[in-house]
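S.K.: Please read through the structure below; I'll follow up with questions.
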Amino acid sequence: MELKNTTPVSLFTLSGLQDETKESRYAIFSALLFCYFFIVFINMTLIVTILQEESLHEPMYIFLCNLCINTLYGTAGFYPKFSYDLLSEHHVISYTGCILQAFIIYLSVIVDFSILTVMAFDRYVAICRPLEYHSIMTSKNVAKLVMWCWVPPILSECIVVSLTARLALCGSHIDKLYCENWSIVKLSCSSITANNVVGYIISLVYLCHVFFIIHSYVKLIRTCLRSSDGRQKFLHTCLPHLFSLTNVTAALLFDMLYIRFRTTRFQQGLRNFMSLVFLIFPPIVNPLIYGIQLTKVREAVFKRYKKHSAVQY
């Protein structure tokens with residue numbers, strides 16, 4: 001089959017910034033920079049605290065540390081490039097840079113779901129099978145779970161990127177503020193059946209993660225309702241996780257709605273907001289929820305702050 005109008009693409013153009021946005025870009029740039037620095041600060045604070053405090057060297061906090069590391073990784077794929085675009089007249093990205101950005105951002109998303117899944121499993125074992133907790137959540141098994149959070153998602157995204165990179169493209173304009181796989185695939189002149197099949201399989205797999213978490217929490221809630229001690233455990237350790245799951249899922253749903261049901265009937269500003277929700281709210285809200293709600297983390301952070309203040313004075 002002959003492919004028409006195919007040319008090697010070395011540069012993509014990005015869209016989405018309105019004229020109104022350009023007029024206030026310095027104010028948006030300042031707000032974005034503050035937002036990114038705050039994300040880095042709050043997540044780094046939790047990572048350093050968990051790594052240095054021996055009392056936090058427990059499975060739940062190890063998984064939380066990985067969640068924060070993943071947040072830093074994912075936001076690094078978006079904020080620096082978008083900040084540069086706000087100050088630039090031409091919003092372009094190289095082919096390699098576009099593929100890399102899509103890989104980083106969506107790898108971060110599926111790693112988030114993997115980590116939230118193992119955190120749900122950890123809470124299920126701790127509350128529903130407390131006598132078996134230490135025999136199940138051994139150091140070796142925790143290491144395996146951490147690897148499970150990262151290795152399958154990396155392999156999945158490598159397959160997605162490989163399938164995307166093989167496509168012959170008929171265009172170079174991406175109707176979004178950043179690169180993502182579907183926007184690149186849409187420009188293809190060749191068959192995208194394999195991309196669609198793999199995409200649906202991966203989506204189904206991670207949808208099953210969500211169902212597993214819901215199933216775990218149904219059992220958790222039943223167990224916790226039987227005693228006041230169980231209810232306290234649920235409020236202090238499970239509720240933050242439930243908020244994080246809701247936060248990530250709702251934010252990603254906005255992006256999926258933007259991708260699948262994109263329409264010019266919506267104002268550009270609203271479409272931009274829908275595509276950026278999962279890159280703004282979960283990275284800020286999740287560490288705040290855990291830092292405030294988890295008593296041991298909160299106390300460890302305050303202890304480190306007081307110690308640092310005492311050293312300065």
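Residues checked against (1) under 19 Å from the mean Cα position of the chain (by Cα); (2) part of a helix (DSSP H, G or I); (3) modelled with pLDDT under 80:
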| position | (1), (2), (3) |
| --- | --- |
| Val197 | no, yes, no |
| Ile202 | yes, yes, no |
| Leu220 | no, yes, no |
| Ser244 | yes, yes, yes |
| Asn247 | yes, yes, yes |
| Phe273 | yes, yes, yes |
| Leu276 | yes, yes, yes |
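S.K.: Could you tell me which of the residues Cys208, Cys179 is of a type in the set (A, V, I, L, M, F, W, C) and outside any helix (DSSP H, G or I)?
M.R.: Cys179
S.K.: I'd like to verify a number: residues in the range 162-171 that are crowded, with 16+ Cβ neighbours inside 10 Å and among the polar types (S, T, N, Q), how many?
M.R.: Qualifying residue count, the range 162-171: 1.
S.K.: Test of understanding: among Tyr106, Tyr95, Tyr84, which residue is touching a Leu at 6+ places or on another chain (Cβ under 8 Å) and closer than 30 Å to Ser10 by Cα?
M.R.: Result of the check over Tyr106, Tyr95, Tyr84: Tyr95.
S.K.: Using the structure shown, decide if Phe38 is at pLDDT 90 or above and either exposed (fewer than 14 other Cβ atoms within 10 Å of the Cβ) or in a loop (DSSP other than H, G, I, E, B) (or both).
M.R.: Against the criterion (at pLDDT 90 or above and either exposed (fewer than 14 other Cβ atoms within 10 Å of the Cβ) or in a loop (DSSP other than H, G, I, E, B) (or both)), Phe38 does not qualify.
S.K.: With the structure loaded, tell me whether Thr263 is surrounded by fewer than 17 Cβ atoms within 10 Å (Cβ to Cβ) and either at pLDDT below 85 or among the basic types (Lys, Arg) (or both) or whether it fails that test.
M.R.: Yes; evaluated as a whole, the condition is true for this residue.
S.K.: Which of the residues belonging to the range 41-54 are assigned to a helix (DSSP H, G or I) and surrounded by 16 or more Cβ atoms within 10 Å (Cβ to Cβ)?
M.R.: Ile42, Asn43, Thr45, Leu46, Ile47, Thr49, Ile50
S.K.: When you go through Ala143, Ala120, Ala126 one by one, which is the residue that is touching a Leu at 6+ places or on another chain (Cβ under 9 Å) and over 30 Å from Pro8 (Cβ atoms)?
M.R.: Ala120
S.K.: Further, regarding this structure: Tell me which residues, restricted to the range 173-207, are touching a residue at least 60 places away in the same chain (Cβ under 8 Å), hydroxyl-bearing (Ser, Thr, Tyr) and surrounded by fewer than 17 Cβ atoms within 10 Å (Cβ to Cβ).
M.R.: Answer for the range 173-207, where residues must be touching a residue at least 60 places away in the same chain (Cβ under 8 Å), hydroxyl-bearing (Ser, Thr, Tyr) and surrounded by fewer than 17 Cβ atoms within 10 Å (Cβ to Cβ): just Ser190.
S.K.: Still on this structure, please answer the following. Hey, can you tell me all the residues within the range 137-152 that are within 16 Å of the chain's Cα centre (by Cα) and outside any helix (DSSP H, G or I)?
M.R.: none
S.K.: In a loop (DSSP other than H, G, I, E, B) and either over 30 Å from Tyr200 (Cβ atoms) or modelled with pLDDT of 95 or more (or both): is that true of His134 in this structure?
M.R.: Criteria not met by His134.
S.K.: Another question, then. For residues in the range 131-146 being open to solvent by less than 70 Å² (accessible area, probe 1.4 Å) and free of Cβ contacts under 8 Å to residues at least 40 places away in the same chain, which is farthest from Gly199 (Cα to Cα)?
M.R.: Selected residue: Tyr133.
S.K.: Within the set of pairs 6+ apart or on separate chains, which have a first residue in the range 74-102 that is over 28 Å from Arg166 (Cβ atoms), a second that is part of a loop (DSSP other than H, G, I, E, B) and open to solvent by 20 Å² or more (accessible area, probe 1.4 Å), and C-beta atoms under 9 Å apart?
M.R.: Close Cβ pairs satisfying both conditions: Leu86/Leu17.
S.K.: Being assigned to a helix (DSSP H, G or I), within 17 Å of the chain's Cα centre (by Cα), of a type in the set (Asp, Glu) and under 24 Å from Leu245 (Cα atoms), is that true of even one residue in the range 98-121?
M.R.: Yes; the residues of the range 98-121 include at least one that is assigned to a helix (DSSP H, G or I), within 17 Å of the chain's Cα centre (by Cα), of a type in the set (Asp, Glu) and under 24 Å from Leu245 (Cα atoms).
S.K.: Given the criteria open to solvent by less than 30 Å² (accessible area, probe 1.4 Å), closer than 30 Å to Ser94 by Cα, in contact with a Ser or Thr (Cβ under 8 Å, 6 or more places away or on another chain) and at pLDDT 85 or above, does Cys149 qualify?
M.R.: Considered against the rule, which asks whether it is open to solvent by less than 30 Å² (accessible area, probe 1.4 Å), closer than 30 Å to Ser94 by Cα, in contact with a Ser or Thr (Cβ under 8 Å, 6 or more places away or on another chain) and at pLDDT 85 or above, Cys149 comes out as yes.
S.K.: Additional query: Output the residues belonging to the range 55-90 that are open to solvent by less than 30 Å² (accessible area, probe 1.4 Å) and within 18 Å of Asn272 (Cβ to Cβ).
M.R.: Those that are open to solvent by less than 30 Å² (accessible area, probe 1.4 Å) and within 18 Å of Asn272 (Cβ to Cβ): Thr75, Gly77, Phe78, Tyr79, Phe82, Ser83, Asp85, Leu86, Ser88.
S.K.: Right, something else. Considering the range 150-199 alone, what residues qualify as being touching a Lys or Arg at 6+ places or on another chain (Cβ under 8 Å) and under 14 Å from Cys98 (Cα atoms)?
M.R.: Listed by number, the residues that qualify are Asp175, Tyr178, Ser183.
S.K.: Another question, then. When you look at Lys303, is it modelled with pLDDT of 75 or more, farther than 27 Å from Cys35 by Cβ, open to solvent by 50 Å² or more (accessible area, probe 1.4 Å) and out of contact with any strand residue (DSSP E or B) (no Cβ under 9 Å at 6 or more places or on another chain), yes or no?
M.R.: yes
The values are calculated or read from the model by the stated rules, or taken from the named source; none is laboratory data. This is a predicted model, so every value here is computed, not measured. When we count neighbours, we look across all protein chains shown, and the Cβ atoms used for this are built from the backbone with ideal geometry, even at glycine. Note: areas computed on protein heavy atoms with side chains; ligands, DNA, RNA excluded. Shrake-Rupley method; radii C 1.70, N 1.55, O 1.52, S 1.80 Å.
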